[in-house]
Amino acid sequence: MRPAGEVSQALLQAAAALATEERAPTQRELAMKAQVGFTATRLTIKNLVRAGHLVRVRARAVAYCNKPVAEYAPPRLAQRGSGSPAELGRVLAGWGAAA
């Protein structure tokens, strides 16, 4: 596997710096934080998601776009408390097994 390029490293560092459990950065926010062009950001994020280095967490409404835009986070932040129905099922199954 090839080592990550400069753009990928900058975007991953920006994602780690900006992502919280309540809110993750959009492509535009990542580009601005990493100081990378928007086209390079869009293409690199597509590749990082495909490789599993970034995860699309949710969509958020923003003022600059009519449709909700995707938020991206490193997988380790996205796995904590995702709030998915599958996660709820695992919690409830574990709770019933413990009783």
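Would you work out if the range 20-69 is rounded, prolate or oblate? Take a ≥ b ≥ c from the square roots of the eigenvalues of the alpha-carbon gyration tensor; rounded if a/c is under 1.5, else prolate when a/b is larger than b/c, oblate otherwise.
It is oblate, given that a/c is not under 1.5 and a/b is not larger than b/c.
Here is the tail figure for the range 1-45: Cα pairs spaced more than 15 Å apart come to 35 percent of all pairs. Summarising the amide proton neighbourhood of residue 58: residues at separation of 5 or more, or on other chains, whose placed amide H is nearer than 5 Å comprise 71.
Quick note: the coordinates plus some simple rules give every number you see, no bench work behind them. Just so it is clear, the structure is predicted and the values come from calculations on it, not from any experiment.
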